[in-house]
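S.K.: Right, I'll just put the structure down here and ask away after.
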Ligand SMILES: *Cc1c(COP(=O)(O)O)cnc(C)c1O
């Protein structure tokens, strides 16, 4: 299926480009992967943006995601399918992290996760291009964001989850208007079914990085960080890496901002954090190779990063290596301990994937990869409220004797 868009206003998007070969693709048509099966990247006329949009103009706008509109692909405001995409706060966690450690709390976005950033962009573009039906494999949060935005603009959705996806995710996806199926397999098994339907022309395939606009939405994490740090960057970023959209997007954002002259060449060390039960990027990083092999028998409580195979593997690995960071794995016990400690000491409830970044930060500190004088950002990608929590309450009988001094 190829659809055309009648441009409703000039845009700074010039074309799309294969991330592996550099081959050019026309903008304003719906594309999946490139001819060689790799993600497409959106390119802008950055010279024209530099001339038309002074940095101070952006600073003066409200701080929401659309503040960055010239660096985003949606041409007409009429096509924006918004649920209120706010700038997320940087929350210091001095007790469980350290004096210079901050959590970018993405759990405050619509649908409770940063998948909203990617899907608001992808769905808005789908709406602009006249798409009527979308399918997606998901570990939960992406499906919820897709369902919410697509339903809002009348696009039909089919969402396939691994059968052990947290119940709350499966239910919210259905409530928000998608047809949701539990598949007896992992996310890439779900993806294979979605690909089959797309090949038959039944729907558009919205798997991670298989359409070009989610990266553009996720890129706003990097744009926001730069503005929040006063047009500078922290020394290190810890990112829980599944498909790697956010890490790739932020790296792209930094390059675009430097080309605009809005930041200098200094970059943070990028740490791609995975769970030791599913660490294909870490293995590829350690082996010194450009592409990762599928991780067999993937398991972790951090379901958002249980991704055995990433189509943008080489983009993640390049960004991490260029930045001087590393890919590192942490085990589920360390993840759980980090979640508990951050909640108990700093009052901030992380999701397990967010807990993974705190555990990884501590390990990196021990290994001398970062120092405690570095400004560090950890990504908490979803609200901790979406995940199972241990019951630590004690029953209290209001009819009996209550010794208030012991409560
Ligand atoms: C999707 C997801 C991730 C991984 O994000 P990618 O950009 O695809 O690597 C991490 N944490 C949570 C909670 C997620 O939902």
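S.K.: Take residue 224 and tell me if it is over 22 Å from residue 149 (Cβ atoms) and out of contact with any helix residue (DSSP H, G or I) (no Cβ under 6 Å at 6 or more places or on another chain). First the steps, then the outcome.
M.R.: Details: over 22 Å from residue 149 (Cβ atoms): no; out of contact with any helix residue (DSSP H, G or I) (no Cβ under 6 Å at 6 or more places or on another chain): yes.
Here the answer is no, as residue 224 does not meet what is asked.
S.K.: Out of 272, 236, I need the residue that is modelled with pLDDT of 95 or more, touching a strand residue (DSSP E or B) at 6+ places or on another chain (Cβ under 6 Å) and away from the ligand (no atom under 15 Å from the Cβ). Which one?
M.R.: The match here is 236.
S.K.: Then there's this: Would you call residue 325 within 18 Å of residue 246 (Cα to Cα), assigned to a loop (DSSP other than H, G, I, E, B) and touching a strand residue (DSSP E or B) at 6+ places or on another chain (Cβ under 7 Å)? Don't jump to the end; show me each part of the working.
M.R.: Values: within 18 Å of residue 246 (Cα to Cα): yes; assigned to a loop (DSSP other than H, G, I, E, B): yes; touching a strand residue (DSSP E or B) at 6+ places or on another chain (Cβ under 7 Å): yes.
For residue 325, the condition - within 18 Å of residue 246 (Cα to Cα), assigned to a loop (DSSP other than H, G, I, E, B) and touching a strand residue (DSSP E or B) at 6+ places or on another chain (Cβ under 7 Å) - is met.
S.K.: Does residue 182 count as free of Cβ contacts under 8 Å to residues at least 12 places away in the same chain and over 16 Å from residue 30 (Cα atoms)?
M.R.: On the way: free of Cβ contacts under 8 Å to residues at least 12 places away in the same chain: no; over 16 Å from residue 30 (Cα atoms): yes.
No.
S.K.: I've got another one for you. Do you know which residues across the range 149-180 are modelled with pLDDT of 95 or more, under 21 Å from the mean Cα position of the chain (by Cα) and assigned to a loop (DSSP other than H, G, I, E, B)?
M.R.: Residues satisfying the conditions are 176, 178.
S.K.: Sticking with this structure for a sec: Select from the range 362-382 the residues that are part of a helix (DSSP H, G or I) and in contact with a helix residue (DSSP H, G or I) (Cβ under 9 Å, 6 or more places away or on another chain) and list them in ascending order. I'd like the intermediate steps shown before the answer.
M.R.: Start the filter on the range 362-382 by keeping residues that are part of a helix (DSSP H, G or I), which leaves 362-366.
Within the range 362-382, 362, 363 qualify.
S.K.: Among 352, 388, which is the only one that is within 26 Å of residue 303 (Cβ to Cβ), touching a residue at least 24 places away in the same chain (Cβ under 8 Å) and either loosely packed, with under 11 Cβ neighbours inside 10 Å or more than 16 Å from the ligand (Cβ to nearest atom) (or both)? Give the derivation first.
M.R.: Values: 352 fails: either loosely packed, with under 11 Cβ neighbours inside 10 Å or more than 16 Å from the ligand (Cβ to nearest atom) (or both).
388 is the lone residue from the list that is within 26 Å of residue 303 (Cβ to Cβ), touching a residue at least 24 places away in the same chain (Cβ under 8 Å) and either loosely packed, with under 11 Cβ neighbours inside 10 Å or more than 16 Å from the ligand (Cβ to nearest atom) (or both).
S.K.: Test each condition in (1) part of a helix (DSSP H, G or I); (2) touching a helix residue (DSSP H, G or I) at 6+ places or on another chain (Cβ under 6 Å); (3) surrounded by fewer than 24 Cβ atoms within 10 Å (Cβ to Cβ) for residue 142 and report the one that comes out false.
M.R.: (3) is the only condition that residue 142 fails.
S.K.: Go through (1) buried (at least 18 other Cβ atoms within 10 Å of the Cβ); (2) over 18 Å from residue 268 (Cβ atoms) one by one and return the number of the condition residue 369 breaks.
M.R.: Single failed check for residue 369: (2).
S.K.: Of the residues 212, 162, which single one is more than 26 Å from residue 383 (Cβ to Cβ) and buried (at least 21 other Cβ atoms within 10 Å of the Cβ)?
M.R.: Values: 162 fails: more than 26 Å from residue 383 (Cβ to Cβ).
One residue alone meets the criteria, 212.
S.K.: Next up: Conditions first: (1) within 16 Å of the ligand (Cβ to nearest atom); (2) in contact (Cβ under 8 Å) with a residue 40 or more places away in the chain. Residue 222 passes all but one, so which condition is the exception?
M.R.: So residue 222 meets the others, but not (2).
S.K.: For the subset of the range 239-269 comprising residues that are part of a helix (DSSP H, G or I), more than 16 Å from the ligand (Cβ to nearest atom) and touching a residue at least 40 places away in the same chain (Cβ under 8 Å), which member is surrounded by the fewest Cβ atoms within 10 Å (Cβ to Cβ)?
M.R.: Taking the candidates together, the pick is 259.
S.K.: Turning to a different aspect of this structure: Could you list, in sequence order, the residues of the range 383-395 that are modelled with pLDDT of 95 or more and part of a loop (DSSP other than H, G, I, E, B)?
M.R.: 383
S.K.: Conditions: (1) touching a helix residue (DSSP H, G or I) at 6+ places or on another chain (Cβ under 8 Å); (2) surrounded by fewer than 24 Cβ atoms within 10 Å (Cβ to Cβ); (3) farther than 17 Å from residue 381 by Cα. Residue 345 meets all but one. Number of the miss?
M.R.: (1)
S.K.: Right, another one. Looking at residue 291 and the list (1) surrounded by fewer than 20 Cβ atoms within 10 Å (Cβ to Cβ); (2) within 14 Å of the ligand (Cβ to nearest atom), which single condition is not satisfied?
M.R.: Just one mismatch for residue 291, condition (2).
S.K.: Residue 159 is checked against (1) over 22 Å from residue 354 (Cα atoms); (2) in contact with a strand residue (DSSP E or B) (Cβ under 8 Å, 6 or more places away or on another chain); (3) within 16 Å of the ligand (Cβ to nearest atom); (4) touching a residue at least 60 places away in the same chain (Cβ under 8 Å) and fails just one. What number does that condition carry?
M.R.: (4) is the only condition that residue 159 fails.
The values are calculated or read from the model by the stated rules, or taken from the named source; none is laboratory data. Not measured: the values here are computed from a predicted model. Every residue, glycine among them, receives a Cβ derived from its backbone with ideal geometry; neighbour counts consider all protein chains shown.
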